[in-house]
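All remarks here apply to the structure that follows.
Values in this text are rule-based calculations from the coordinates and carry no lab data. Nothing here was measured: the structure is a model prediction, and the numbers come from that model. Here Cβ is always computed from backbone atoms with ideal geometry, including for glycine, and neighbour counts include all displayed protein chains.
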């Protein structure tokens with residue numbers, strides 16, 4: 001039950017950061033940046049949670065992953081940008097989708113790699 005307030009508070013923080021990013025650039029670039037940052041953070045959280053003794057309590061992990069990353073990222077805006085009334089030509093929309101999806105998966109993998117425990121040699 002402690003996760004619900006954490007989710008709510010972190011969601012507000014994620015949303016505010018997404019809006020700040022949007023104020024710095026155009027909507028296409030802002031959506032891409034927010035989604036890639038969110039994927040990087042989700043990868044980091046996943047790696048930090050996948051330890052015998054996780055570094056964050058469960059309510060904070062859930063708050064960060066569900067709340068913060070959920071507030072920061074926006075699949076619905078990505079869909080609107082590539083399929084809405086002001087969508088770019090199909091070849092540019094496909095390139096944006098490929099960059100968003102490929103970049104997101106790469107960012108999540110990088111986040112995991114950055115936070116994975118180092119093997120002792």
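Condition test on residue 50, is it under 20 Å from residue 113 (Cβ atoms), exposed (fewer than 13 other Cβ atoms within 10 Å of the Cβ) and out of contact with any strand residue (DSSP E or B) (no Cβ under 7 Å at 6 or more places or on another chain)? Criteria met by residue 50.
Given the residues 71, 104, 43, which is the only one that is in contact with a helix residue (DSSP H, G or I) (Cβ under 8 Å, 6 or more places away or on another chain), surrounded by 19 or more Cβ atoms within 10 Å (Cβ to Cβ) and under 19 Å from residue 8 (Cβ atoms)? Break it down stepwise before answering.
Working: 104 fails: under 19 Å from residue 8 (Cβ atoms); 43 fails: under 19 Å from residue 8 (Cβ atoms).
Result: 71 is the single residue among 71, 104, 43 that is in contact with a helix residue (DSSP H, G or I) (Cβ under 8 Å, 6 or more places away or on another chain), surrounded by 19 or more Cβ atoms within 10 Å (Cβ to Cβ) and under 19 Å from residue 8 (Cβ atoms).
Does residue 52 satisfy the condition of being assigned to a loop (DSSP other than H, G, I, E, B), touching a residue at least 60 places away in the same chain (Cβ under 8 Å) and closer than 30 Å to residue 2 by Cβ? Here the answer is no, as residue 52 does not meet what is asked.
From the residues in the range 76-87 that are surrounded by 12 or more Cβ atoms within 10 Å (Cβ to Cβ) and free of Cβ contacts under 8 Å to residues at least 12 places away in the same chain, which one is farthest from residue 108 (Cα to Cα)?
Restricting attention to the range 76-87, the residues satisfying the condition of being surrounded by 12 or more Cβ atoms within 10 Å (Cβ to Cβ) are 77-82, 87.
This time we only want the ones that are free of Cβ contacts under 8 Å to residues at least 12 places away in the same chain, so: 79-80, 87.
On the way: 79: 20, 80: 23, 87: 27 Å.
Result: 87.
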